[in-house]
Amino acid sequence: MNRASEVAKQAAADIEALLRRQSKTVDVINVENDPIYREKDIDVLWIVKTEEGAVKTIGIEIKGDRWHKTGNYFFETVSNEEKGTPGCFMYTEASFIYYYFVEERELHILPMPATRDWFKKNEETFQERKTSTPVGRGEHYVTVGRLVPRHRVTTEVAGVKILKI
């Protein structure tokens with residue numbers, strides 16, 4: 001298993017455990033392998049009971065990262081450069097992105113679409129970077145994104161929360 005896959009699995013496990021511990025949780029359903037939710041780029045459905053007693057479903061996209069020291073988020077704008085597919089950050093239908101720094105166990109809860117709307121207005125001010133993702137024996141694809149300073153997001157986007165878990 002490659003390192004990126006290990007980080008993603010650890011992030012999902014830690015976030016799901018956190019959600020299950022919340023008193024308002026009714027259920028947590030991992031939908032990463034469900035084609036309907038994959039198309040919407042939603043990893044987890046968090047079913048909660050509201051203060052009014054209603055049941056509500058919240059879609060969450062989980063991003064695991066091990067590069068905490070950079071001070072940046074990596075917002076994926078192009079998933080596969082060769083195919084020209086949009087990056088998950090640009091189309092996710094999730095209510096929140098749970099951006100999780102695995103080694104520090106630090107969770108950044110980014111409200112969507114507010115974070116994406118803010119990003120689009122400021123996109124050209126952020127450095128573009130490319131990374132390759134292995135997909136088999138010697139094969140890979142190139143992902144494109146922007147390095148976005150975390151302090152900008154946390155001060156300029158309302159509703160961002162940071163938790164140590």
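What follows draws every value from the coordinates through simple rules; no lab data is involved. Keep in mind it's a predicted model, so treat the numbers as computed, not measured. When we count neighbours, we look across all protein chains shown, and the Cβ atoms used for this are built from the backbone with ideal geometry, even at glycine.
Cross-linked pairs LYS9/LYS69; LYS56/LYS83; LYS121/LYS161: Cα-Cα separations exceed 30 Å for LYS56/LYS83.
Considering only ILE109, ALA54, PHE119, the residue lying farthest towards the positive end of the dipole of the chain is ILE109, judged by Cα position with unit charges set on Cβ. For the chain, the dipole from Cβ point charges (+1 on Lys and Arg, -1 on Asp and Glu) about the Cα centre works out to 400 debye, to the nearest 20.
Each stretch of four or more DSSP H residues adds -39500 (n - 2.57); spread over every residue of the chain, this sum gives -7500 deg cm²/dmol at 222 nm. Just tell me which aspartates and glutamates come within less than 13 Å, Cα to Cα, of LYS40; anything on the same chain fewer than 8 places away is out. In chain and number order, the partners are GLU32, GLU61, GLU93.
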